[in-house]
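S.K.: This is the structure I have questions about; it appears just below.
The values are calculated or read from the model by the stated rules, or taken from the named source; none is laboratory data. Quick caveat: nothing in here was measured; it's all calculated off a predicted structure. Methodologically, a virtual Cβ is constructed for each residue, glycine included, from the backbone with ideal geometry; neighbour enumeration extends over all protein chains shown. Protein only, heavy atoms only, side chains kept; ligands, DNA and RNA dropped before computing areas. Shrake-Rupley method; radii C 1.70, N 1.55, O 1.52, S 1.80 Å.
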Amino acid sequence: MSLHVGEFEQLILFALLRLRDDAYGVTVRREIEARTGRDVSQGAVYTALNRLEERGFVSSRTADATPERGGRRRKYYALEPLGARALHRAYTEVQVMASGVVPRLAELAESA
Amino acid sequence: MSRFAPGTSRMARALFTVLVRGADAEFVLGDLEEEAAVRVRAGEPVRDVRRWYVGQLVRSAPPLWGEAVHHRRSDPARDARAGRGNRGSSMEAHTESRTASPSRTTPASRWKGWARTWGCAASDAVRTLGRSPARAVAVIAIMALGVGANATMFGALDRLFLRPPAQVRSPDRMKRIFVHLRRQSSGEMGTQSTHTYPDFADWRQLDVFAGTAAYSSRQLTIGSGSGAERLPVTLATASLFPTLGVRPALGRFFGPDDDTFGAEPVAVLGYSYWQRHFGGEPEVVGRVLEVGDLSYTVIGVAPPAFTGVDLDRVDVWLPLHRAAVVEEGGTEWQDSRGWYWVDVVARLAPGVTPEAAGAAATRVHRNGRADNPNYDPQATVEMASLNLARTGEASREARVVPWLMGVALMVLLLTCANVANLLLARAMRRRRETAVRRALGASRARVILTGVIEAVLLSLAGGAAAVAVALWGGDLFQAILLGGAEWERGVDTLRVIGFSAGLAVLAGVFAGLVPALRASRQDTAGALKGSGRGTTRGRSRLRSGLLVIQAAISVVLLIGTGLFVLSLRAARGVDLGFDPDGVLIVRLQPEGGYPGGEAMTVLYREGRRALEGLPGIESTAITTTVPFRNARGIGDDLRVPGLDSLPRTAAGGAYIHAVTGDYFETLGLDILRGRGITESDDAESAPRVAVVNETMARLVWPDGDALGGCLILADAPCATVVGIAEDSHRFELEETESMAYYVPLAHAPYPWPPSGLMVRGPSPRTLTAPVQRRLNEALSGVRLVGTEPFRNSIDPSYGSWRLGATLFMAFGLLALLVASMGLYSMLAFEVAERRPEMGVRSALGATRGRLVRLVLSDGLRLAGLGVVLGIGVGLWAAARARDLLFGVSPHDPRVLAVVAAAMLLVSVAASGVPAWRAARVDPNETLRAE
């Protein structure tokens, strides 16, 4: 069973980690937007979360509807141990590759 | 309830909910509303928030929708295993799932296995087709032609022979009445499809019939003045409608009370006439319509597509007894056994066989005719099926159609053979790929299925395209096919589509099965190991055979073309005696009913005088008979002194024409000896003269000279024969000789009305308008001035040969094209395959010339075989179709020679290019590749 997670999925998993109990559609999207500046669509967030859930990396639960949401329910997500493992591995991989060459990377990026 | 979604937001949200169903939609929408609220609370302007909202909706829909589709297709467990989406080929998936699940031979799983095989085969087929769209399009086009030709022919065939007349209840119990008898005049056997009223009355009282009806169809003038038209009208007894079991679309049909001599005249409109002329308005009932010489009140409309039992369109139905008083000039017809004018149909009573009904009808018919010693006592009545063309003996056009159906089927065969060859060639090329697939576990059934499905898909697509064109152009095709007949047009769409679909599937299976079988039987190991070099012989006998068949079919079709073209030329070359080109025929119809023969003659003479001096007219003449239109005889009222009885010809008694001066000049009929009829002859007081035709001169005065001879017409004083005219045709292109004589109009033995005013000019078509104008001005009390080029009466006679020539030519050239393309592609493919062999030969010293000759001789051999086969089949078929031809022998050597030469020439051309390529093979290059 593969533990590979794509780059966007990694951002989402990190968001779940940060948000703890408070991770649902709105908060996850805003977290990513606020921290990385990326303006992602709500639909893309859900799509990614569904895929992660299928693979067992996250789990979900639904909460009661509120009038503020036009009478619609909220879906909360939580990071599962398997997902944490996948995220950890992905992050470590990047780190290993980046070790020692970040300054040079910055230089190269600046020269563009 | 949201405060942020007026207008566009609402629309966007609606669209979103349509695309994204289920729980996801709920969560996403909820999130967006929540965040929108948060933003507004944070101070963002509402407009910006709304814009953000709509943007989010639009961007979120695609990923979620794609997600949903993906979910429906894939197996989540497999996704988990693969780690990503389902992108593998269906073959891999097929193989994988086969190995993954343990094999269980329960019926359910066997069904599933079969279903999966079919599904994979289908998707394989589609993918293969998609890979080479150009080839697929080419094959579709070829199939479209093959299936389309058949669909069109079937439509015509169906209409003529298979489909019973529209709206008739239980058509198999309806019969036409024919009488088979030995004719009094010629002594030959003939069939009578038209009868006298007393004959009909005899049959009407039999109990073997549940109902009988009589009808007579003709062209009558409807309306008057500038809006007047001559349209098809049928006089029918009131019993026709209930006997056929038909219901009116509007109003009612005429009943027995309307169908008497003195009844108020009523009429029923044909459905298409009602649509055309009254726009389908219901208020047409009660309107008064002038039809022929009487005014009728409209009481109803017939149902759509109803044409009685014949094929021709009927615009108005009139009650027979009432209308015939006027149209048949009185009521004499009711008792006369010499007045033939009605067709009769009858519905068999329940439980009665056609034979029993025929016997009863024969008995009563013979009884009725018993007091006429000259009438054939062995005359027999036949109860015939409805599905014959109008005259009861299928017209020549109708008889051509089954042959054309055969032709169309041949074309289909040809296209199948061609497609099969193409597919076979491609299967050969893909030997390795097929072998690989088989090695990886694809079953033989699946490989075969794929091939067949591919071919069926192509032919279905071709068939669909063809049917679309055939239906859309259906009326056009049928008009070309059987042009001239005024049909209630309308193809039974469902039957044509059904037929085409069935044919397409059959064609596809046939075309795809053979290559698929061959391909699947490949020696797997050999194909995988082999370098792709062909076997030494190179080509299968199957492919050669297919090519020979294609060539043969082309040859047969081209022979047909040649024979019909020659028939057409012969028909056009027939010397009619007169010269129809340059003649316009004018017919006058007075207002207020038929005024009698004398008044009509006066009217026509006035008209002729009025045309004097009109520019563009060379000469004019009035006549009581117009060739190809009508003919008259006076039987025993013609006597020649010194002869007890006149000689007889097979064509019947001597025919009389009462004409004015200039008749022979206007008609272009030559006077061989003596002179023609002049203006001075055409007066009451003038001495009586006559002109006879060659045949009459020869038969009546065999020893002496006709000139100076004497004709006594209806006890009038002797009419001296002053001239002998050349023979001319009366009615048809194929006629036996008959006797004819011409007298001045003023001396006509009976007050017949003139049949036409003939006008000769260099360009009849341009005369139409000026003549009509002049006559309308000069003549008062004229209701209709009808003009028609004389040619038009004669041209329909060529119809069937023109039809045959056109269609055979179209199909023949098509076949030739397809066959030559087939030959070319096969040879080209082979040359490519045999490059190494060619290279070796070249290296071993074979000259260019030899290589070219090698390929050419191949192509010519195949074509030659095809020609021989085709000529054999063609001669056999032509002999069977002998009576469809005119003036040409079915074995005409010119046609055979031309066709054979054409075929060989085309084959040389088709083989030429590959041959030339073969000659250019560089031996070094090919040897290096080895």
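S.K.: Quick one: go through the stretch B:736-761 and flag any residue whose amide nitrogen is under 16 Å from the point 7 Å out along the Cα-to-Cβ line of B:D715.
M.R.: So the set is B:749-751.
S.K.: Report the gain in length on full extension from B:R41 to B:E229: 0.36 nm times residue separation, minus Cα-Cα distance, nm rounded to one decimal.
M.R.: Additional length available on full extension: 59.5 nm.
S.K.: Which of the GluC sites (Glu not before Pro) across the stretch B:648-693 are loop residues per DSSP, with 13 or fewer other Cβ within 10 Å?
M.R.: B:E684
S.K.: Report the accessible area of B:H180, computed with a 1.4 Å probe over the heavy atoms of all protein chains in place, in Å² rounded to the nearest 10.
M.R.: About 60 Å², rounded to the nearest 10.
S.K.: Output wanted: per-residue J couplings in Hz (rounded whole) for the stretch B:446-455, from phi through Karplus 6.51 cos²θ - 1.76 cosθ + 1.60, θ = phi - 60°, x for Gly and Pro.
M.R.: Result, rounded to whole Hz: 5, 4, 4, 4, 4, x, 5, 4, 4, 5.
S.K.: Then there's this: Just grab the label-to-label distance for B:V602 and B:D581, each label 7 Å out from Cα along the Cβ direction, in nm (one decimal).
M.R.: Label at B:V602, label at B:D581, 4.1 nm between them.
S.K.: May I pose another question? Distances longer than 22 Å among the Cα atoms of chain A: what percent of all pairs is that?
M.R.: Working: 2560 of 6216 pairs.
Looking at chain A, the distances longer than 22 Å represent 41 percent of pairs.
S.K.: Starting from the Cα of B:E735, step 7 Å along the direction of its Cβ; do the same at B:L643; then give the gap between the two resulting points in nm.
M.R.: Here the answer is 1.8 nm between the modelled labels.
S.K.: Let me ask something additional. Which distance in Å, rounded to a whole number, links the C-alpha centroids of the stretch A:38-110 and the stretch B:36-62?
M.R.: Measuring centre to centre over Cα atoms gives 23 Å.
S.K.: Can you list the residues, at least 5 places off or on another chain, whose amide H is less than 5 Å from the amide H of B:R783, using H built in the peptide plane?
M.R.: The list, which skips near neighbours in sequence, is B:Q589, B:E591.
S.K.: Rank B:M11, B:M821, B:M739 by accessible area, highest first, at a 1.4 Å probe radius? Mind showing how you got there, number by number?
M.R.: On the way: B:M11 130, B:M821 95, B:M739 5 Å².
In descending accessible area the options line up as B:M11, B:M821, B:M739.
S.K.: Still on this model: If you take every DSSP beta bridge fully contained in the stretch B:236-380, what fraction is antiparallel? Give it as a percent rounded to 5.
M.R.: Counting only bridges with both partners in the stretch B:236-380, antiparallel ones make up about 55 percent.
S.K.: Report the equivalent ellipsoid semi-axes for the stretch B:625-698 in whole Å, largest first, defined as the square roots of five times the eigenvalues of the gyration tensor built from alpha carbon atoms.
M.R.: Ellipsoid half-lengths, sorted descending, are 22, 16, 13 Å.
S.K.: Next question, about the same structure. Using a 1.4 angstrom probe on the protein heavy atoms only, line up B:W317, B:W114 by accessible area, largest first.
M.R.: B:W114, B:W317
S.K.: Summarise the partner chain shielding of A:43-53 as one whole number: the mean count of Cβ atoms from other chains within 10 Å of each residue's Cβ.
M.R.: Other-chain Cβ atoms within 10 Å of each residue's Cβ, averaged: 6.
S.K.: Follow-up. Got a sec to turn the phi values of the stretch B:601-617 into Karplus ³J(HN,Hα) couplings, 6.51 cos²θ - 1.76 cosθ + 1.60 with θ = phi - 60°, whole Hz, x for Gly and Pro?
M.R.: Using θ = phi - 60°, the values come out as 4, 4, 4, 5, 5, 4, x, 4, 5, 4, 7, 4, x, 5, x, x, 9 Hz.
S.K.: Please sort B:254-264, B:298-308, B:47-57, B:907-917 by packing, taking for each peptide the average over its residues of neighbouring beta carbons within 10 angstrom, highest first.
M.R.: The most tightly packed comes first, giving B:298-308, B:907-917, B:47-57, B:254-264.
S.K.: Okay, next question. Long-range amide H contacts for B:T307: which residues qualify at under 5 Å (H placed 1.01 Å from N, peptide plane, sequence gap of 5 or more or a different chain)?
M.R.: For B:T307, the qualifying residues are B:A166.
S.K.: Give me the number: length gained by fully extending B:L409 to B:T8, i.e. 0.36 nm times residue separation minus the C-alpha to C-alpha distance, one decimal in nm. Mind dumping the intermediate values first?
M.R.: Details: separation 401, 0.36 × 401 = 144.36 nm, distance 5.97 nm.
Gain on extension, B:L409 to B:T8, equals 138.4 nm.
S.K.: Could you please state, rounded to a whole Å, how far the C-alpha centre of the stretch B:238-286 is from the C-alpha centre of the stretch B:599-651?
M.R.: If you average the Cα positions of each part, the centres end up 38 Å apart.
S.K.: A further question follows. So which trypsin sites (Lys or Arg not before Pro) in the stretch A:10-112 end up in coil per DSSP with only 16 or fewer other C-beta atoms within 10 Å?
M.R.: Numbers: sites: A:R18, A:R20, A:R29, A:R30, A:R35, A:R38, A:R51, A:R55, A:R61, A:R69, A:R72, A:R73, A:R74, A:K75, A:R85, A:R89, A:R104; in loops: A:R38, A:R55.
Hits after loop and neighbour filter: A:R38.
S.K.: Also, I was wondering about something else. Which value, to two decimals, describes the C-alpha radius of gyration of the stretch B:691-825 once divided by 2.2 N^0.38 Å?
M.R.: Against the empirical 2.2 N^0.38 Å value, I get 1.71 for the stretch B:691-825.
S.K.: Multiply the residue gap between B:A370 and B:S336 by 0.36 nm, knock off their C-alpha separation, and tell me the result in nm, one decimal place.
M.R.: 10.8 nm is the gain from fully extending B:A370 to B:S336.
S.K.: Considering only protein heavy atoms, what is the solvent-accessible area of B:S780 at a probe of 1.4 Å, reported in Å² to the nearest 10?
M.R.: That residue has around 100 Å² of solvent-accessible surface.
S.K.: What's the Cα-based Rg to Rh of the stretch B:165-271, Rh via Kirkwood? Display every interim value, and only then the final one.
M.R.: Numbers: Rg = 16.8 Å, Rh = 16.5 Å.
The Rg/Rh ratio comes out at 1.02.
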